[in-house]
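> Below: one structure in structure tokens.
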Amino acid sequence: HRDLHSFPTRRSSDLLKRRFVHDAKACDAVLEDANGPLASFSSRIEFAYLLGLIGPDARRELHLVRRIRNDFAHDYKPLDFSAEGIANRCRELRAHTLVPDERPRANFTRSVMGLLAAVHGSMLYAKHAEPEEDILSKFSQTEIEAAGEKTKALADELMKMLGLRDQNDDKQN
């Protein structure tokens, strides 16, 4: 079941990379690092949905595929598609199958192919985001210094209001 393990995470990674700012190093840090925020298939599904790259049906069905994949990957005993939990999840896969099949494995395969088509379709239209210009580069050094002074004054006032700084501290400085 090696292909079952790699398909979803690889395709979800490709889809997200198409939307992200074009920066391979940053993408790898987020997607490929085992501790990265989008390292899991589940988080990639949610993020793709939140970015509008997939719809609610694809989201639901990708989570079903993820659960089926996890059943195979993490169960200590031999499993096949006729196992009750897996067969039930396979029967729930309907939105991306033009001709559902009552045989769990066949329905799973058809659904995954439909989901793959949906993901590839999204990839055709996904465009890289453009990085925003850093906000501070829009201001002169004088404006930055003035904003810094205002921020310091506000912080000092807040510290006084909270009783974390005494009025006499100002006279000693």
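None of the figures in this text is laboratory data; all of them are computed from the coordinates on show. Every value quoted in this text rests on a predicted model; they were computed, and no experiment measured them. Reconstructed Cβ throughout: ideal geometry from the backbone, glycine too, with neighbour counts over all protein chains shown.
> Contact list please: Cβ distance under 7 Å, first residue in segment 129-148 and under 27 Å from ARG18 (Cα atoms), second residue in a helix (DSSP H, G or I), pairs at least six apart or on different chains.
ALA129/ARG19
So that you can scan it fast, the table gives a plain yes or no per residue for (1) in a loop (DSSP other than H, G, I, E, B); (2) surrounded by 11 or more Cβ atoms within 10 Å (Cβ to Cβ); (3) in contact with a His (Cβ under 8 Å, 6 or more places away or on another chain):
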site: ALA95; (1), (2), (3): yes, yes, no
site: PRO100; (1), (2), (3): yes, yes, no
site: ASN107; (1), (2), (3): no, yes, no
site: SER111; (1), (2), (3): no, yes, yes
site: GLY114; (1), (2), (3): no, yes, yes
site: ALA118; (1), (2), (3): no, yes, yes
site: MET123; (1), (2), (3): no, yes, no
site: LYS127; (1), (2), (3): yes, no, no
site: SER137; (1), (2), (3): no, no, no
